[in-house]
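The values are calculated or read from the model by the stated rules, or taken from the named source; none is laboratory data. Quick caveat: nothing in here was measured; it's all calculated off a predicted structure. Cβ coordinates were reconstructed from backbone atoms using ideal geometry, including for glycine residues, and neighbour counts include every protein chain displayed. The protein model used for the area step is the full one, side chains on, heavy atoms only, and it has no ligands, DNA or RNA in it. Shrake-Rupley method; radii C 1.70, N 1.55, O 1.52, S 1.80 Å.
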Amino acid sequence: RWTDLGITFGFLGFLVLMAIGALVTLLFLIWWLAASRVPWAERFLMLGTAVLAGLGAALLSDRSVGTVMVLPGLPLVLTAWAVVLLAARRQSSRARRLVLAAALCLTWGAFTLVRTEGSAGDGQPVVRWRWRPTAEEIYLAGLGRDGETAAALSLRPAMRLQPGDWPGFRGANRDGDLRGVRIATDWDAAPPRLVWRRRIGPAWSSVAVVGDRLFTQEQMGEFEAVVCLDAATGRTAWRHQDAARHSDVQGGAGPRATPTFAEGRVFALGATGILNCLDANSGERKWSRDIAADAGTKTPMWGFSSSPLVVGSLVVVFAGGESDKTLLAYRTDSGQSAWAAPAGQVSYSSPQPASIGGEAQILVVSDHGLKAFDPSSGIVLWEHHTPAGNPGIPRSVQPRVVGPTRVLFDAGPDAGTTLIELSRQNQSWVPAEKWVSRHLKPSFNDFVVHDNALYGFDARTLTCIDVETGRRRWKEGRYGSGQVLLLGDQPLLLVVAESGEVVLVSADPDRHRELGRIQAIEGKTWNHPVIARGRLYVRNAEEIACYELRLDGVREAAAAPAHCSPGR
């Protein structure tokens, strides 16, 4: 398997499979036309039959099947061609032609019976019968039967961020590090208790939890939705919808980013570039912007994925594109443009709040490398350029400040992870590369840091590397393309596997040690987990669930770090 060899599957893997398929097809055609022993008329007749059957299948198949037909489709057709030819070699020419023509039509025809629903983390297509309802269709049909409507719950007083809340993507610092909470780990004897579980529309958003409300995003047919749920019951409080839909061959349909709560408002970015500011209590829209239009760009291949960052009185998102307005800042109260800055053309990471040497900064990872910006003005403070590598595999992982002046970030496609250190020279920040390690090659799976160890996914396997040296400590635990959350006080890793399992792993740099696991939800799970107020929330493109965790001593943590606003 490519991922076992350390090759990141993405655009590179796609090109490799295309090249192999093209080579196999070319060699087969050369043999069939130049070296086979069948009559010339039969050679051209069967070749024409294969082409016409393929074109017919392409016209009749579900539109999602195109890539499947190109990659594994041709080898399957050629295999069937060779097997039937071998089996019918002693038959008459007429019988052989009929059998071979039927086999070609049936093999191509099989692709009209299926559809694809994106791909798994290893790049393999998720294939379903064409007549089977999609999870989204089942969900939308169920909404009508259940009678659930928006604004089903009474309005509450204005919400404020409190200790124990989770205000946005990967927490207040966007580092996936939860402090002030300890949970019981004897899950074999007393696993987490299911509080509620329900279907939800497709999206790769995580959730924000404030008080008794939960905020996330979903796709509902031709509408993108920002949704507010009762955190205790899963019932819908309100839902804001925009007429927009994005879908791609890997991720499928739905928004990619996570909503952000700040000062009684929710900021959410849809996959097509609609940035909404909504009243957190009612869902009323305060303002909206089209970041694609503001940046003069188009929706990227896998949709806009930037979780809005609120810092002070500004909300910042990455738009990308070829202009010099790829990082955009808007005023939180009005939506008016505050500043725009060049931060690179392509990124599926989000703006990262940081404090370096005591100075507040915004870090952005893109095809250009790593750039730091002044939050109030958008002025570039420093940058560390690294080669873009393969443009088909954009950087997606959040950078992480370790210590006063050091930063870890994604070095690029198949390049691994980089540690840089910044120093002051003539009133300017100057970055210096300390190491680049291919022992941790993240794809879209963020890492966490505890003490002097970094824990993340090298391809599809959980891995620990040393922060000082970049050397591997261990690599074990095949959880697919999962996500990881750190409970820093224990220390403990909560891993959500791609299969929907939740696994407790000791944050031990010396060895990989599982402490417990549960099957939390079903289906492909790429979304980040959240723990807030003693409850674990997990979701994917099909369902969302809440589990009560048994706490083992709780300290009240600060609602937000000093270097960023309460919205982060």
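Between Asp212 and Thr233, the simple spin-label model (points 7 angstrom out along Cα→Cβ) gives 0.9 nm.
Expected output is a single nm value to one decimal: the length gained when fully extending between Glu468 and Glu263, i.e. 0.36 nm times separation in residues minus the C-alpha distance. What is it? Numbers along the way, then the final one.
Values: separation 205, 0.36 × 205 = 73.80 nm, distance 3.84 nm.
Extra length available between Glu468 and Glu263 comes to 70.0 nm.
Taking the Cα centre of the chain as origin, work out the dipole magnitude from +1 charges on Lys and Arg Cβ and -1 charges on Asp and Glu Cβ, in debye rounded to 20.
Values: 60 positive and 55 negative charges, 336 e Å.
Taking the Cα centre of the chain as origin, the dipole is about 1620 debye.
Remark: the Ser334-Leu47 segment gains 97.0 nm on full extension, using 0.36 nm per residue and subtracting the alpha carbon distance. Rounded to the nearest 20, the size of the Cβ-charge dipole of the stretch 178-310 about its Cα centre is 200 debye, with Lys and Arg at +1 and Asp and Glu at -1.
The convex hull drawn around the Cα atoms of the stretch 408-474, when projected onto a plane and averaged over every direction, covers 4.7 nm².
Between rounded, prolate and oblate, where does the stretch 171-213 land on the alpha carbon gyration tensor, with a ≥ b ≥ c its root eigenvalues, rounded for a/c under 1.5, else prolate if a/b exceeds b/c?
Working: a/c = 2.02, a/b = 1.16, b/c = 1.75.
Oblate is the answer for the stretch 171-213, as a/c is 1.5 or above yet b/c matches or exceeds a/b.
Between Ala293 and Ser36, the distance separating the two model label sites (each 7 Å from Cα on the Cα→Cβ line) works out to 5.6 nm.
Ignoring everything except DSSP H segments at least 4 long, calculate the 222 nm mean residue ellipticity for the chain; use -39,500 (n - 2.57) per segment, divide by total residues, nearest 500. Intermediate results must be reported in sequence, preceding the final value.
On the way: 6 runs with 89 residues, N = 568.
Estimated from H runs of four or more residues: -5000 deg cm²/dmol.
Restricting the calculation to alpha carbons of the chain gives Rg and Dmax of 25.6, 87 angstrom.
Of the solvent-accessible surface of the chain, computed with a 1.4 Å probe over protein heavy atoms with every protein chain present, carbon and sulfur atoms account for 56 percent. In this calculation the C-beta distance from Asn426 to Asp451 is compared with R0 = 30 Å, giving a FRET efficiency of 0.30. Which of rounded, prolate, oblate describes the stretch 148-294, given a ≥ b ≥ c as roots of the alpha-carbon gyration tensor eigenvalues and a/c under 1.5 marking rounded, otherwise prolate only if a/b is larger than b/c? Prolate, because a/c is 1.5 or more and a/b exceeds b/c. Per residue, the accessible area of the stretch 269-400 comes to 34 Å², computed with a 1.4 Å probe over protein heavy atoms only.
Quick one: length gained pulling Leu60 to Glu476 fully straight, 0.36 nm per residue minus the C-alpha distance?
On the way: separation 416, 0.36 × 416 = 149.76 nm, distance 4.41 nm.
Taking 0.36 nm per residue and subtracting the Cα distance, the gain is 145.3 nm.
Determine by what factor the alpha-carbon radius of gyration of the stretch 299-406 differs from 2.2 N^0.38 Å, reporting the quotient.
Working it through for the stretch 299-406, the quotient is 1.01.
Return the subset of Lys434/Lys524; Lys371/Lys475; Lys475/Lys524; Lys286/Lys325 for which the Cα-Cα distance in this structure is over 26 Å, preserving the input order. Going by Cα-Cα distance, Lys434/Lys524; Lys371/Lys475 fall outside the 26 Å limit.
In terms of its alpha-carbon gyration tensor, the stretch 322-368 comes out oblate; a/c meets the 1.5 threshold, while b/c is at least as large as a/b.
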